[in-house]
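A short worksheet on the structure shown next.
Computed from the coordinates by the stated procedures, all read-outs in this text should not be read as laboratory data. Please read these numbers as outputs of a predicted model, since none were measured by experiment. We place every Cβ from the backbone using ideal geometry, glycine too, and count neighbours over all the protein chains shown.
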Amino acid sequence: MQVKCTLCDRIDTLMDSTLQAKRLRNRRINMYLCKTCYDRIDAKTKERHATGKFRLYEEKRQDDQFI
């Protein structure tokens, strides 16, 4: 299976039987990142976490919507 990195447009080949290939086939929302782009984003995110000012905001859920 040939896949294209969404950031750098590099084309890679994945084995059809791998878990990542199956996820990309079945869930079209998932995007493929090559190893270099993935490592770059991972390093930048870890740097932001280390500053202490990084926060993830989640949506507030209303518990009474199932009543």
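Other residues with beta-carbon under 13 Å from the beta-carbon of residue 3 carry, at +1 per Lys or Arg and -1 per Asp or Glu, a net charge of +4. As a length-normalised measure over Cα pairs under 8 Å and 6 or more apart, the relative contact order of the chain settles at 24 percent.
Within the straight-line cut-off of under 21 Å between alpha carbons, the lysines reachable from residue 22 are 4, 35, sequence neighbours fewer than 8 places apart in one chain being disregarded.
What dipole magnitude, in Debye to the nearest 20, does the chain give about its Cα centre under +1 on Lys/Arg Cβ and -1 on Asp/Glu Cβ?
I would put it at about 160 debye.
Counted by neighbouring Cβ atoms within 10 Å, the residues 32, 38 run from fewest to most as 38, 32. Considering only 8, 24, 38, the residue lying farthest towards the positive end of the dipole of region 2-54 is 24, judged by Cα position with unit charges set on Cβ. With the alpha-carbon atoms of region 2-54 aligned to their principal axes, the span from lowest to highest coordinate is 40, 20, 16 Å, starting with the largest. I'd like the orientation of helix 35-51 relative to the chain: the angle between its Cα long axis and the longest Cα principal axis, in ° from 0 to 90, rounded to 10. The helix 35-51 is inclined about 20 degrees to the chain.
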